[in-house]
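K.L.:
For reference, the structure I am asking about is given below.
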Amino acid sequence: MVDYILRRNRRDRLEKDERSRLLERVARHAAEAEAQEKAVRAALRGEAAPQQADLWSKLRDIPVNESLMDENLIITATRHDPAHATFDVLRTRLVQTLSDKGWRRVGITSPTRDCGKTFVSVNLAIALSRYENCRTVLMDMDMRNPSVAGVLGLNDVGSMGAFLRGDRRIEDTFCRFAENKLKIGRQLALGLNDKIEPYAAELLQKPETTARIKEVEEKLDANIVLYDLPPALAQDDVIAFSRMYDGVFIVAGGGTTTAHEVREVMRRLGDDVPLLGVILNRAEGQMTEEYGY
Ligand SMILES: Nc1ncnc2c1ncn2[C@@H]1O[C@H](COP(=O)(O)OP(=O)(O)OP(=O)(O)O)[C@@H](O)[C@H]1O
Ligand SMILES: [Mg+2]
């Protein structure tokens, strides 16, 4: 199991010493990731599948608003904040692990609310979009509290529940960033949601839901599918949906999540769901990397 640290305080700027400590830390990880990056690029090279280009070209374009991205902490978009480099490291290691294991579906959860699942999901998805030959899909599966559309500044994006029940088509449900000067890749499809589903666990357990999600993977020919999930200790949704992902990240809120809570999530998920890593987000002061088994 790998631990990732993501440190960022909710301030406009990092202090000078914080910035250099962060950069030092990232540089250490980056050196290691650089070697993996080469292998990943080689693995992805030549894999683009033009036969799926049709459906991708039908996905709705959404605008890229630079200042809103910064405001909503989508730090891998403008890359102004040095912490964005942590996501490059995370991305590289993830692709390496997935390609080694032959996996593609990744759940992102946390023990409780507000630990930064959506922050990690969106930033990781954008970091992945910069791999030209990697088709990434991000689905907002936090059905009781959908928030990916909100951080992108989008309203009226439609209902993921309706899509899962078979009432909406892929091309009406998924969108992608319009051409943009930030070079956010066009091979990232976003499945957004603006409708709360009170019976989320039941919906996520239905065979129709499994079939719809498989259809997305196949028709969009996805290399990686990220699911922004609900908190695992709050309801059954994450367990109900666990057969749909090959591995899971647990986002731990720095200063809030306890090691016991992380272990409890792992216990509930059981041995069948491999843990891809624990991401310690928003760490303050001395950081611990000792979460784990
Ligand atoms: N590293 C960070 N630094 C500063 N603020 C952060 C960081 N990560 C997340 N936040 C902020 O904390 C709040 C919660 O983050 P986010 O919505 O990503 O959490 P979540 O786990 O998805 O929450 P929920 O359980 O409600 O879905 C947001 O306002 C977000 O902007
Ligand atoms: Mg969220």
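K.L.:
Given the residues V120, V151, which is the only one that is open to solvent by 20 Å² or more (accessible area, probe 1.4 Å), within 15 Å of ligand 2 (Cβ to nearest atom), of a type in the set (A, V, I, L, M) and on the phi < 0 side of the Ramachandran plot? Step through it out loud before you land on a result.
P.N.:
Numbers: V120 fails: open to solvent by 20 Å² or more (accessible area, probe 1.4 Å).
Step by step, each of V120, V151 is checked, and only V151 is open to solvent by 20 Å² or more (accessible area, probe 1.4 Å), within 15 Å of ligand 2 (Cβ to nearest atom), of a type in the set (A, V, I, L, M) and on the phi < 0 side of the Ramachandran plot.
K.L.:
Which of (1) without any contact (Cβ under 8 Å) to a residue 60 or more places away in the chain; (2) within 28 Å of R79 (Cα to Cα); (3) within 16 Å of ligand 1 (Cβ to nearest atom) is the odd one out, the single condition M160 does not satisfy?
P.N.:
(2)
K.L.:
So which residues in region 120-142 are among the acidic types (D, E) and within 11 Å of ligand 1 (Cβ to nearest atom)? Break it down stepwise before answering.
P.N.:
Step one: list which residues in region 120-142 are among the acidic types (D, E), which gives 132, 140, 142.
Of everything in region 120-142, those that are among the acidic types (D, E) and within 11 Å of ligand 1 (Cβ to nearest atom) turn out to be D140, D142.
K.L.:
Moving on to the next point. Please verify whether T118 is under 14 Å from the mean Cα position of the chain (by Cα) and of a type in the set (V, I, T), treating the condition exactly as stated. Give the derivation first.
P.N.:
Details: under 14 Å from the mean Cα position of the chain (by Cα): yes; of a type in the set (V, I, T): yes.
Against the criterion (under 14 Å from the mean Cα position of the chain (by Cα) and of a type in the set (V, I, T)), T118 qualifies.
K.L.:
Right, another one. When residues of region 154-170 are filtered for being open to solvent by 40 Å² or more (accessible area, probe 1.4 Å) and within 15 Å of A189 (Cα to Cα), how many remain? I'd like the intermediate steps shown before the answer.
P.N.:
Taking region 154-170 first, the residues open to solvent by 40 Å² or more (accessible area, probe 1.4 Å) are 155-156, 165-169.
Now restrict to residues that are within 15 Å of A189 (Cα to Cα): 169.
The total comes to 1.
K.L.:
If a residue must be acidic (D, E) and within 16 Å of ligand 2 (Cβ to nearest atom), how many such residues does region 77-114 contain? First the steps, then the outcome.
P.N.:
We begin by selecting, within region 77-114, every residue acidic (D, E); these are 81, 88, 100, 114.
Now restrict to residues that are within 16 Å of ligand 2 (Cβ to nearest atom): 114.
Within region 77-114, residues that are acidic (D, E) and within 16 Å of ligand 2 (Cβ to nearest atom) number 1.
K.L.:
For region 54-74, give me each residue that is within 16 Å of ligand 2 (Cβ to nearest atom) and open to solvent by less than 20 Å² (accessible area, probe 1.4 Å).
P.N.:
In the first step, residues of region 54-74 are kept if they are within 16 Å of ligand 2 (Cβ to nearest atom); the result is 72-74.
Once the filter is applied, which keeps residues that are within 16 Å of ligand 2 (Cβ to nearest atom) and open to solvent by less than 20 Å² (accessible area, probe 1.4 Å), region 54-74 yields only I74.
K.L.:
Moving to a separate point now. Restricting to region 175-218, name every residue that is open to solvent by less than 90 Å² (accessible area, probe 1.4 Å) and of a type in the set (D, E). Spell out how you get there, then give the answer.
P.N.:
Quick first cut of region 175-218, residues open to solvent by less than 90 Å² (accessible area, probe 1.4 Å) only: 175-178, 180, 182, 184-194, 197-198, 200-201, 203-204, 206, 209-213, 215-217.
Passing the criteria: D194, E197, E215, E217.
K.L.:
Collect the residues in region 219-239 that are within 16 Å of R105 (Cβ to Cβ) and open to solvent by 10 Å² or more (accessible area, probe 1.4 Å), keeping them in residue-number order.
P.N.:
Within region 219-239, K219, D221, N223, I239 qualify.
K.L.:
Q235 fails exactly one of the following numbered conditions: (1) modelled with pLDDT under 95; (2) within 22 Å of W56 (Cβ to Cβ). What is the number of that condition?
P.N.:
Looking at each condition in turn, Q235 falls short on (2).
K.L.:
How many of the residues in region 126-148 are open to solvent by less than 10 Å² (accessible area, probe 1.4 Å) and away from ligand 2 (no atom under 13 Å from the Cβ)?
P.N.:
The qualifying residues number 8.
K.L.:
Moving on. So which residues in region 91-119 are within 13 Å of ligand 1 (Cβ to nearest atom), assigned to a helix (DSSP H, G or I) and over 20 Å from S242 (Cα atoms)?
P.N.:
F119 - this is the single residue of region 91-119 that is within 13 Å of ligand 1 (Cβ to nearest atom), assigned to a helix (DSSP H, G or I) and over 20 Å from S242 (Cα atoms).
K.L.:
So, one more: Could you say whether any residue in region 181-200 is in contact with a Phe, Trp or Tyr (Cβ under 6 Å, 6 or more places away or on another chain) and of a type outside the set (A, V, I, L, M, F, W, C)? First the steps, then the outcome.
P.N.:
Here is the first cut: in region 181-200, the ones in contact with a Phe, Trp or Tyr (Cβ under 6 Å, 6 or more places away or on another chain) are 184, 189, 191.
Now drop any that are not of a type outside the set (A, V, I, L, M, F, W, C), which leaves 191.
Yes, some residue in region 181-200 is in contact with a Phe, Trp or Tyr (Cβ under 6 Å, 6 or more places away or on another chain) and of a type outside the set (A, V, I, L, M, F, W, C).
The values are calculated or read from the model by the stated rules, or taken from the named source; none is laboratory data. Note that the coordinates shown come from a computational prediction; the quantities given were computed from them, not determined experimentally. Virtual Cβ from ideal backbone geometry, glycine too; neighbours counted across all protein chains shown. Areas reflect the complete protein model, heavy atoms only, side chains present, ligands, DNA and RNA absent. Shrake-Rupley method; radii C 1.70, N 1.55, O 1.52, S 1.80 Å.
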